[in-house]
Amino acid sequence: MRGQEADKIKNIFDLRGAPFLMAGTGLLFLLETRYQLRKRKLPRWLRLRTNTAVATTAALALRLALIPALVKTAAFTQRKNYGLLKYTGLGPAASGLITFLLMDYGNYRWHKLNHSSSFLWRFHQVHHADLDLDLSTAFRFHAGEILASVIYRGAWVAGTGASPATVLLYEIFFETATNFHHSNLRLPHKAEKILSKFIVTPRMHGIHHSIVRQETDSNFCIILSLWDRLHRTLKLNIPQEDINIGVPYIRKHLTAAELFKMPANKIQEWKLPDGSIPDRK
Ligand SMILES: [Zn+2]
(Lines give C-alpha, C1' and ligand atoms only; values in the text may rest on other atoms or scores of the structure.)
Protein backbone atom coordinates (compact mmCIF):
# COMPACT_ATOMS: atom_id res chain seq x y z
CA MET A 1 0.00 0.00 0.00
CA ARG A 2 1.29 3.49 -0.89
CA GLY A 3 2.55 5.54 2.03
CA GLN A 4 0.04 8.34 1.43
CA GLU A 5 -2.94 5.99 1.73
CA ALA A 6 -1.56 4.26 4.80
CA ASP A 7 -1.05 7.71 6.39
CA LYS A 8 -4.66 8.69 5.65
CA ILE A 9 -5.95 5.52 7.34
CA LYS A 10 -3.68 6.18 10.32
CA ASN A 11 -4.61 9.88 10.65
CA ILE A 12 -8.34 9.64 10.02
CA PHE A 13 -9.36 6.16 11.16
CA ASP A 14 -6.77 4.95 13.68
CA LEU A 15 -5.96 8.19 15.49
CA ARG A 16 -9.35 9.94 15.33
CA GLY A 17 -12.06 7.44 14.34
CA ALA A 18 -11.02 4.53 16.58
CA PRO A 19 -10.84 6.54 19.87
CA PHE A 20 -14.17 8.20 18.99
CA LEU A 21 -15.76 4.79 18.31
CA MET A 22 -14.36 3.35 21.53
CA ALA A 23 -15.68 6.25 23.61
CA GLY A 24 -19.08 5.97 21.87
CA THR A 25 -19.19 2.22 22.52
CA GLY A 26 -18.43 2.75 26.22
CA LEU A 27 -21.13 5.40 26.51
CA LEU A 28 -23.75 3.30 24.69
CA PHE A 29 -22.88 0.29 26.87
CA LEU A 30 -23.59 2.32 30.00
CA LEU A 31 -26.75 3.86 28.54
CA GLU A 32 -28.25 0.55 27.36
CA THR A 33 -27.53 -0.88 30.82
CA ARG A 34 -29.33 2.00 32.49
CA TYR A 35 -32.24 2.39 30.02
CA GLN A 36 -33.13 -1.07 28.73
CA LEU A 37 -35.45 -1.35 25.71
CA ARG A 38 -36.07 -5.11 25.24
CA LYS A 39 -36.07 -7.77 27.94
CA ARG A 40 -33.13 -10.14 27.65
CA LYS A 41 -33.64 -13.88 27.11
CA LEU A 42 -30.05 -14.81 27.93
CA PRO A 43 -27.47 -13.67 30.47
CA ARG A 44 -25.69 -10.61 29.07
CA TRP A 45 -22.18 -11.94 29.84
CA LEU A 46 -22.74 -15.20 27.99
CA ARG A 47 -23.54 -13.35 24.77
CA LEU A 48 -20.88 -10.75 25.38
CA ARG A 49 -18.23 -13.48 25.53
CA THR A 50 -19.44 -15.16 22.32
CA ASN A 51 -20.00 -11.94 20.41
CA THR A 52 -16.57 -10.60 21.39
CA ALA A 53 -14.89 -13.73 20.02
CA VAL A 54 -16.74 -13.39 16.68
CA ALA A 55 -16.13 -9.63 16.65
CA THR A 56 -12.36 -10.03 17.00
CA THR A 57 -12.08 -11.75 13.61
CA ALA A 58 -14.56 -9.29 12.06
CA ALA A 59 -12.52 -6.33 13.34
CA LEU A 60 -9.33 -7.79 11.85
CA ALA A 61 -11.06 -8.32 8.49
CA LEU A 62 -12.38 -4.74 8.63
CA ARG A 63 -9.12 -3.04 9.56
CA LEU A 64 -6.69 -5.23 7.62
CA ALA A 65 -8.72 -5.98 4.47
CA LEU A 66 -11.87 -3.90 3.95
CA ILE A 67 -10.61 -0.43 4.91
CA PRO A 68 -7.25 -0.67 3.05
CA ALA A 69 -9.01 -2.11 -0.03
CA LEU A 70 -11.64 0.67 -0.10
CA VAL A 71 -9.08 3.43 0.45
CA LYS A 72 -6.77 1.96 -2.18
CA THR A 73 -9.69 1.74 -4.64
CA ALA A 74 -10.65 5.36 -3.91
CA ALA A 75 -7.07 6.58 -4.44
CA PHE A 76 -6.72 4.60 -7.66
CA THR A 77 -10.07 5.89 -8.97
CA GLN A 78 -9.03 9.47 -8.23
CA ARG A 79 -5.63 9.08 -9.87
CA LYS A 80 -7.23 7.67 -13.01
CA ASN A 81 -10.04 10.24 -12.88
CA TYR A 82 -12.74 7.55 -13.01
CA GLY A 83 -16.12 7.55 -11.30
CA LEU A 84 -19.43 9.38 -11.61
CA LEU A 85 -18.20 12.47 -9.82
CA LYS A 86 -15.79 13.61 -12.49
CA TYR A 87 -18.84 14.47 -14.65
CA THR A 88 -20.44 16.75 -12.07
CA GLY A 89 -17.78 19.46 -11.83
CA LEU A 90 -18.61 19.97 -8.13
CA GLY A 91 -16.22 21.21 -5.45
CA PRO A 92 -14.73 18.87 -2.82
CA ALA A 93 -17.38 19.57 -0.13
CA ALA A 94 -20.37 18.93 -2.41
CA SER A 95 -18.80 15.87 -4.01
CA GLY A 96 -17.85 14.54 -0.57
CA LEU A 97 -21.47 14.86 0.57
CA ILE A 98 -22.88 13.24 -2.56
CA THR A 99 -20.48 10.29 -2.47
CA PHE A 100 -21.20 9.88 1.25
CA LEU A 101 -24.93 9.58 0.48
CA LEU A 102 -24.29 7.23 -2.42
CA MET A 103 -22.16 4.98 -0.23
CA ASP A 104 -24.95 4.84 2.33
CA TYR A 105 -27.32 3.83 -0.46
CA GLY A 106 -24.81 1.22 -1.63
CA ASN A 107 -24.76 -0.26 1.87
CA TYR A 108 -28.56 -0.39 1.95
CA ARG A 109 -28.40 -2.46 -1.28
CA TRP A 110 -25.60 -4.61 0.12
CA HIS A 111 -27.55 -5.35 3.31
CA LYS A 112 -30.64 -6.25 1.27
CA LEU A 113 -28.54 -8.56 -0.90
CA ASN A 114 -27.27 -10.31 2.22
CA HIS A 115 -30.88 -11.32 2.88
CA SER A 116 -31.90 -12.23 -0.69
CA SER A 117 -28.77 -14.17 -1.74
CA SER A 118 -28.61 -17.63 -0.17
CA PHE A 119 -24.80 -17.59 -0.38
CA LEU A 120 -24.48 -14.29 1.49
CA TRP A 121 -27.18 -15.29 3.98
CA ARG A 122 -24.94 -18.18 5.11
CA PHE A 123 -22.67 -15.50 6.61
CA HIS A 124 -25.19 -12.81 7.54
CA GLN A 125 -27.33 -15.28 9.56
CA VAL A 126 -24.48 -15.41 12.10
CA HIS A 127 -25.40 -11.82 12.98
CA HIS A 128 -29.16 -12.52 13.00
CA ALA A 129 -28.97 -15.75 15.05
CA ASP A 130 -28.31 -13.69 18.20
CA LEU A 131 -31.28 -14.30 20.51
CA ASP A 132 -31.04 -10.83 22.04
CA LEU A 133 -30.18 -7.60 20.34
CA ASP A 134 -27.82 -5.11 21.93
CA LEU A 135 -24.56 -3.25 21.37
CA SER A 136 -22.56 -6.51 21.24
CA THR A 137 -24.68 -7.70 18.26
CA ALA A 138 -23.35 -4.69 16.32
CA PHE A 139 -19.89 -6.33 16.37
CA ARG A 140 -21.05 -9.90 15.74
CA PHE A 141 -20.39 -10.37 12.03
CA HIS A 142 -18.76 -13.36 10.40
CA ALA A 143 -15.39 -12.28 8.92
CA GLY A 144 -16.54 -13.89 5.64
CA GLU A 145 -19.30 -11.28 5.35
CA ILE A 146 -16.79 -8.45 5.77
CA LEU A 147 -14.43 -10.00 3.19
CA ALA A 148 -17.27 -10.55 0.70
CA SER A 149 -18.28 -6.91 1.09
CA VAL A 150 -14.83 -5.78 -0.17
CA ILE A 151 -15.84 -6.53 -3.78
CA TYR A 152 -19.32 -4.98 -3.59
CA ARG A 153 -18.41 -1.92 -1.57
CA GLY A 154 -15.21 -1.45 -3.59
CA ALA A 155 -17.33 -1.31 -6.75
CA TRP A 156 -19.47 1.45 -5.22
CA VAL A 157 -16.38 3.44 -4.26
CA ALA A 158 -14.96 3.10 -7.78
CA GLY A 159 -18.32 3.81 -9.43
CA THR A 160 -18.99 6.95 -7.45
CA GLY A 161 -15.41 8.22 -7.38
CA ALA A 162 -15.45 8.82 -3.61
CA SER A 163 -12.22 10.21 -2.16
CA PRO A 164 -10.14 8.23 0.37
CA ALA A 165 -11.10 10.77 3.07
CA THR A 166 -14.83 10.37 2.34
CA VAL A 167 -14.44 6.58 2.44
CA LEU A 168 -12.82 6.80 5.88
CA LEU A 169 -15.29 9.34 7.24
CA TYR A 170 -18.19 7.25 5.96
CA GLU A 171 -16.72 4.18 7.70
CA ILE A 172 -16.60 6.03 11.04
CA PHE A 173 -20.23 7.19 10.65
CA PHE A 174 -21.22 3.69 9.49
CA GLU A 175 -19.74 2.08 12.62
CA THR A 176 -21.28 4.72 14.90
CA ALA A 177 -24.72 4.23 13.33
CA THR A 178 -24.40 0.42 13.52
CA ASN A 179 -23.56 0.60 17.23
CA PHE A 180 -26.43 2.98 17.91
CA HIS A 181 -29.21 1.14 16.08
CA HIS A 182 -28.26 -2.29 17.44
CA SER A 183 -28.13 -1.03 21.01
CA ASN A 184 -30.78 -1.99 23.54
CA LEU A 185 -31.26 1.66 24.45
CA ARG A 186 -34.75 2.85 25.33
CA LEU A 187 -35.19 6.35 23.95
CA PRO A 188 -38.38 8.31 24.61
CA HIS A 189 -40.98 7.42 21.95
CA LYS A 190 -41.18 11.00 20.80
CA ALA A 191 -37.41 11.22 20.30
CA GLU A 192 -37.40 7.96 18.31
CA LYS A 193 -40.26 9.17 16.15
CA ILE A 194 -38.40 12.34 15.20
CA LEU A 195 -35.00 10.62 14.83
CA SER A 196 -36.39 7.78 12.67
CA LYS A 197 -37.47 10.30 10.06
CA PHE A 198 -33.77 10.84 9.38
CA ILE A 199 -31.67 8.00 10.78
CA VAL A 200 -32.04 4.35 11.82
CA THR A 201 -33.08 4.01 15.47
CA PRO A 202 -32.92 1.08 17.93
CA ARG A 203 -36.67 0.32 17.70
CA MET A 204 -36.58 0.51 13.90
CA HIS A 205 -33.66 -1.91 13.64
CA GLY A 206 -35.18 -4.16 16.32
CA ILE A 207 -37.97 -4.94 13.84
CA HIS A 208 -35.33 -6.07 11.29
CA HIS A 209 -34.12 -8.68 13.83
CA SER A 210 -37.59 -10.21 14.30
CA ILE A 211 -38.24 -13.92 13.58
CA VAL A 212 -41.29 -12.86 11.52
CA ARG A 213 -40.15 -12.93 7.88
CA GLN A 214 -41.96 -9.78 6.68
CA GLU A 215 -40.35 -7.88 9.54
CA THR A 216 -36.81 -9.17 8.88
CA ASP A 217 -37.34 -8.23 5.24
CA SER A 218 -37.70 -4.58 6.20
CA ASN A 219 -35.54 -1.76 7.62
CA PHE A 220 -32.27 -2.52 5.82
CA CYS A 221 -30.83 1.00 6.15
CA ILE A 222 -27.55 1.73 7.95
CA ILE A 223 -27.28 5.47 8.60
CA LEU A 224 -30.14 7.29 6.87
CA SER A 225 -33.67 5.86 6.92
CA LEU A 226 -34.34 7.50 3.57
CA TRP A 227 -33.52 4.43 1.44
CA ASP A 228 -36.10 2.23 3.19
CA ARG A 229 -38.66 4.99 2.63
CA LEU A 230 -37.80 5.28 -1.07
CA HIS A 231 -37.95 1.50 -1.59
CA ARG A 232 -41.02 0.99 0.64
CA THR A 233 -39.13 -1.41 2.89
CA LEU A 234 -39.73 0.69 5.99
CA LYS A 235 -41.72 -0.89 8.84
CA LEU A 236 -42.43 0.93 12.08
CA ASN A 237 -45.03 0.67 14.83
CA ILE A 238 -44.36 -2.91 15.95
CA PRO A 239 -44.08 -2.83 19.76
CA GLN A 240 -40.65 -4.05 20.85
CA GLU A 241 -42.15 -6.27 23.58
CA ASP A 242 -43.97 -8.24 20.82
CA ILE A 243 -40.79 -8.91 18.85
CA ASN A 244 -39.07 -12.25 19.15
CA ILE A 245 -35.42 -11.59 18.24
CA GLY A 246 -33.39 -14.02 16.13
CA VAL A 247 -34.00 -16.49 13.31
CA PRO A 248 -36.83 -19.03 13.76
CA TYR A 249 -34.74 -22.14 13.04
CA ILE A 250 -32.21 -21.43 15.81
CA ARG A 251 -33.73 -20.98 19.24
CA LYS A 252 -30.66 -21.69 21.35
CA HIS A 253 -27.43 -19.85 22.08
CA LEU A 254 -24.65 -20.91 19.71
CA THR A 255 -21.01 -20.89 20.77
CA ALA A 256 -18.39 -18.86 18.88
CA ALA A 257 -17.00 -22.09 17.33
CA GLU A 258 -20.49 -23.03 16.07
CA LEU A 259 -20.92 -19.52 14.65
CA PHE A 260 -17.58 -19.63 12.80
CA LYS A 261 -18.65 -22.91 11.16
CA MET A 262 -22.23 -21.77 10.47
CA PRO A 263 -21.74 -20.70 6.81
CA ALA A 264 -20.80 -24.29 5.92
CA ASN A 265 -24.11 -25.68 7.23
CA LYS A 266 -27.09 -26.47 5.02
CA ILE A 267 -29.43 -23.47 4.81
CA GLN A 268 -32.53 -24.05 6.86
CA GLU A 269 -36.11 -23.10 6.09
CA TRP A 270 -37.61 -20.04 7.79
CA LYS A 271 -39.56 -22.17 10.28
CA LEU A 272 -39.61 -22.71 14.02
CA PRO A 273 -38.29 -26.06 15.31
CA ASP A 274 -41.92 -27.32 15.56
CA GLY A 275 -42.38 -26.65 11.82
CA SER A 276 -44.63 -23.61 12.19
CA ILE A 277 -43.98 -20.32 10.41
CA PRO A 278 -43.76 -17.31 12.73
CA ASP A 279 -46.44 -14.75 11.95
CA ARG A 280 -48.01 -11.67 13.47
CA LYS A 281 -51.73 -11.69 14.01
ZN1 LIG B 1 -29.81 -8.03 8.31
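Things worth noting here:
- Among Phe260, Phe100, Phe198, the largest mean-square fluctuation in a Gaussian network model of the chain, built with springs joining Cα atoms closer than 10 Å, belongs to Phe198.
- Dipole moment magnitude, nearest 20 debye, the chain about Cα centre, only Lys, Arg, Asp, Glu C-beta charged: 100 debye
- Within a Gaussian network of the chain (alpha carbon springs, distance under 10 Å), most fluctuating of Ala61, Ala148, Ala94: Ala94
- Whole-number accessible area per residue in Å² for the chain, which is evaluated in the context of all protein chains at 1.4 Å: 50 Å²
- Each of Ala129, Ala257, Gly17 was scored by the projection of its Cα onto the charge dipole of the chain, and the greatest displacement toward the positive side belongs to Ala129; charges sit on the C-beta of Lys, Arg, Asp and Glu.
- Charge dipole of the chain about the Cα centre (unit charges at C-beta), most positive-ward option of Trp110, Thr57, Ser210: Ser210
- Accessible surface of segment 1-132, 1.4 Å probe, proportion on carbon and sulfur as whole %: 65 percent
- Relative contact order of the chain, taken over Cα pairs closer than 8 Å and 6 or more residues apart, is 25 percent.
- Residue-level accessible surface for Lys271, protein heavy atoms, 1.4 Å, Å²: 70 Å²
- In Hz, Karplus ³J(HN,Hα) per residue of segment 39-55 (6.51, -1.76, 1.60; θ = phi - 60°; x = Gly, Pro): 5, 7, 8, 10, x, 4, 5, 5, 6, 4, 5, 5, 5, 5, 5, 5, 5
- Of all aspartates and glutamates in the structure, the ones whose alpha carbon falls short of 12 Å from that of Lys197, not counting any fewer than 8 places away in one chain, are Asp228.
- A 1.4 Å probe, protein heavy atoms only, puts the accessible area of Leu64 near 120 Å².
- Counting only alpha carbon atoms, the long axis of helix 164-182 and the longest principal axis of the chain meet at about 10°.
- Segment 184-243 - percent relative contact order, Cα under 8 Å, separation 6 or more: 31 percent
- Size descriptor, Kirkwood hydrodynamic radius, that averages inverse alpha-carbon separations across the chain, Å: 19.5 Å
The values are calculated or read from the model by the stated rules, or taken from the named source; none is laboratory data. Quantities reported herein were computed from a predicted structural model and do not represent experimental measurements. Counting neighbours? That spans all protein chains shown, and the Cβs are built from the backbone with ideal geometry, glycine included. Ligands, DNA and RNA are stripped out before the accessible areas are found, and what is left, the full protein with its side chains, is counted by its heavy atoms. Shrake-Rupley method; radii C 1.70, N 1.55, O 1.52, S 1.80 Å.
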